[in-house]
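Engineer: Let me begin by handing over the structure; questions about it come next.
Please treat every number below as a calculation from the coordinates, not as lab data. These numbers were taken from a predicted model, which means no experiment stands behind them. Reconstructed Cβ throughout: ideal geometry from the backbone, glycine too, with neighbour counts over all protein chains shown.
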Amino acid sequence: MSNITSDNRDNNDNDIEPTVGSKRSWTDVNYKFCNDKEKQVVEEIQTETSWADVDWDSVRESVCIAKSITEKETDMIGEDDKNHHEANAMDYWDKFYKKNQNKFFKDRTYLHLEFPELNPLNITRDETFIFFEDDEEQQNGGSNNNENNLYQDKDDLEKQEKEREKKMANLLSKNVNVKELKDRWIKETDQLVNDDSKKLTVLEIGCGTGATVYPLLKLNPEKYFYVFDFSPHAVNLVKSNSLYNEEKLKAFVCDIATEQIPTSIVKDNSIDMMLMIFVLSAISRDKMHAVATSLFKSLKPGGVLYIRDYGLYDMTQLRFISKKGKKIDENFYLRADGTRTYFFTTQILSEIFEAAGFKTLVSKYDTRELRNRKRMISMYRVWVRGKFMKPLDTENTDNNSKILSLYNEPTTTSLTTTTTTTTTTSTE
């Protein structure tokens, strides 16, 4: 996965169209993945790229050939293989983390832009890189890079420096004083920590190595975080981080697909916010309802579950189709390393949680067209984003979470939409 910056993704349409008068036309690589199976296109499309917002209906129309192939796809793995990977799901993820340690996933420093309840300092997209700049410098030193940065060369580092200079120039053009900005954050952080009304409890399901929790812990010093994963090695990596402190963060092992969250650690009706970031997709479809029910028990009335995951017709799904023999079930596939992934529609995502008692606040697609100007090829990234609330307790209001009232969010409106409104950096 390429490390796309927010600046790349906000280029206007004129910047990504072919030169006027050109005889060449854009090639829809979604088709090629299902037909010609070009092997080099992923690597090539990750250079000289631009992002553009598109709505999911446009994606669906553009990949109609892929859609037809998806619906007719019958080349599935055998029942014995299916059962084997279900029974050994934890082992495969544990092997993944033992092999990659904390060098696979880049820190997710964009979630506060998608979910304002995780952004008490009101940090803007332009300001985000300043807030995390020191952390990113440490990562580039080798502590926590993503899959494309495992082996950085001089050109990679030069590109990163150019991106930094571009972002800094953008801030300066808006007359932003970086020192004053940092001083303001220090002052507001002290105020947050000393304000008891803001001290909420957060639970992350499937924490991996901490790529989500550690950036959020820096952004939300007033919140207490519980995190768990079913990979013991991943949890050990979270605990080995120099920032791990059980006064602010508690990590433990739990397989949410097969067991309840231990009440000895997390009591029922005690969590204000829950996070599932690219986690639900790793669980079998027939176990998702039980997972949602278990989460419902731990969440306070009025508490909110936040989800980000893979959407139907994402380019990675089309890659699975081209490889053949990787399909486990409808929209559920087996990776080469033995881990699995599911691709959601917003309808299915809402159905899973509404059946467990949640109310849908948001269930939408975030879709991007990834274009390579040099090769004139295009592909689509599709994600789903959801916010699901446990209904308020009308009889005992003292039990209700304060999360939505603190951030002036709706508590009764049910919203389901298929158009994207996000303008953030949205990589895994």
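Engineer: At 7 Å along the Cα-to-beta-carbon direction for both ALA87 and ASP286, put a label point, then send me their distance in nm to one decimal.
Structural biologist: The answer from the label model is 1.5 nm.
Engineer: On to the next question. At a 10 Å Cβ-Cβ cut-off, how would you order HIS233, HIS112, HIS84, fewest neighbours first?
Structural biologist: Working: HIS233 17, HIS112 24, HIS84 14.
Ranking HIS233, HIS112, HIS84 by Cβ neighbours within 10 Å, fewest first, gives HIS84, HIS233, HIS112.
Engineer: Are any of the pairs LYS239/LYS327; LYS267/LYS326; LYS99/LYS218; LYS198/LYS250 more than 30 Å apart by Cα-Cα distance, and if so, which?
Structural biologist: Numbers: LYS239/LYS327 35 Å; LYS267/LYS326 39 Å; LYS99/LYS218 27 Å; LYS198/LYS250 19 Å.
Exceeds cut-off: LYS239/LYS327; LYS267/LYS326.
Engineer: Let me ask another. Hey, fewest Cβ within 10 Å first, where do SER281, SER270, SER363 land in order? Before the final figure, lay out each step's value.
Structural biologist: Numbers: SER281 23, SER270 17, SER363 26.
Listed from fewest to most nearby Cβ atoms, that is SER270, SER281, SER363.
Engineer: To continue, here is another question. For a test of the definition: using alpha carbon positions, the gyration tensor, and the 1.5 limit on a/c, classify segment 225-276 as rounded, prolate or oblate. Please report the intermediate quantities before stating the final value.
Structural biologist: Numbers: a/c = 2.05, a/b = 1.25, b/c = 1.65.
Note, shape of segment 225-276 comes out oblate.
Engineer: How do ILE256, ILE77, ILE205 rank when sorted from fewest to most other Cβ atoms within 10 Å of their own Cβ?
Structural biologist: Working: ILE256 22, ILE77 16, ILE205 25.
Ascending number of Cβ neighbours within 10 Å: ILE77, ILE256, ILE205.
Engineer: Next question, about the same structure. For a 18 Å ceiling on Cα separation, which of these pairs sit above it: LYS82/LYS324; LYS82/LYS287; LYS287/LYS390; LYS287/LYS323?
Structural biologist: Table pairs above 18 Å Cα-Cα are LYS287/LYS390; LYS287/LYS323.
Engineer: Restrict the search to segment 182-264; then list the GluC sites (Glu not before Pro) that DSSP places in a loop and that have at most 13 other Cβ atoms within 10 Å of their Cβ.
Structural biologist: Values: sites: GLU188, GLU204, GLU222, GLU246, GLU247, GLU259; in loops: GLU222, GLU246, GLU247, GLU259.
Within segment 182-264, the qualifying GluC sites (Glu not before Pro) (loop, at most 13 other Cβ atoms within 10 Å) are GLU246, GLU247, GLU259.
Engineer: Next question, about the same structure. Rounded to the nearest 20 debye, what is the charge dipole size of segment 244-302 about its Cα centre when +1 sits on each Lys and Arg Cβ and -1 on each Asp and Glu Cβ? All intermediate terms of the calculation are to be shown ahead of the outcome.
Structural biologist: Details: 7 positive and 7 negative charges, 26 e Å.
Using Cβ point charges on Lys, Arg, Asp and Glu, segment 244-302 gives about 120 debye.
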